[in-house]
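Q: Pasting in a structure now, in structure tokens, and then I'll have a few things to ask.
The values are calculated or read from the model by the stated rules, or taken from the named source; none is laboratory data. Everything quoted here is computed from the prediction, not taken from an experiment. Neighbour counts are summed over all protein chains in view; Cβ atoms, including those assigned to glycine, are modelled from backbone coordinates with ideal geometry.
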Amino acid sequence: APFDAVTCGYAHTIAKTTTGKRYAWGCNAYGQLGLGHAESQFAPVAVEVVGRDGNPCVTREVKASGNYSAALSARGDIYTFGCGGHGRLGHGSNEHTDVPTLMHGIEGKQVSHFVMTARNMYVFVPSVVCKVDPPCGPLSGGTTVFVHGGGFWDAEDMTMRFSPTTMPPKGSNVV
């Protein structure tokens, strides 16, 4: 399959095919190619990313910067590898990693986008609403509404606006 994304760090390149497979080549002193060793490669080599379920991941996005790399899986997990200085890999340490490793602290979250600089990575995890209490009925100004989900925080000055939608048929599993 042809490449549909190519990204470069200081001296390495990561590419993704249209089918979500990853390839890497270039300098590999910190394991930034994700091949399980630190030997440089001068032609594209397949990079295996093993998901939480133990099976190979399909990749939605790849990025390289400085001496490290990252891959975003189709299910929204982010895997990082290479130079771990300054904690940039998100593994809870400054250790280098030569295989794609799930980023700590955001396990189970659905990453939608990320950007990398030579020393920092920024990850966007959108808010998700799982449940609203009270679940239905008329509400008036000053009513306390509890929103359960991810990406929210307690704030006195938060304003919520609800838009009416069509309810799914009774008995359907659409939420």
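Q: Can you say whether Val111 is modelled with pLDDT of 70 or more, under 30 Å from Ala11 (Cβ atoms) and not in a loop (DSSP other than H, G, I, E, B), as far as the supplied structure shows?
A: no
Q: Also, quick follow-up: Could you list, in sequence order, all residues of segment 83-108 that are assigned to a strand (DSSP E or B) and in contact (Cβ under 8 Å) with a residue 40 or more places away in the chain?
A: Scanning segment 83-108 gives Thr97, Asp98, Val99, Pro100, Leu102.
Q: Can you find a residue in segment 14-31 that is assigned to a loop (DSSP other than H, G, I, E, B), surrounded by fewer than 16 Cβ atoms within 10 Å (Cβ to Cβ) and charged (D, E, K, R)?
A: The answer is no, given that none of the residues of segment 14-31 is assigned to a loop (DSSP other than H, G, I, E, B), surrounded by fewer than 16 Cβ atoms within 10 Å (Cβ to Cβ) and charged (D, E, K, R).
Q: Out of all the residues in segment 34-82, which are within 19 Å of Gly9 (Cα to Cα), free of Cβ contacts under 8 Å to residues at least 24 places away in the same chain and part of a loop (DSSP other than H, G, I, E, B)?
A: Glu39, Ser40
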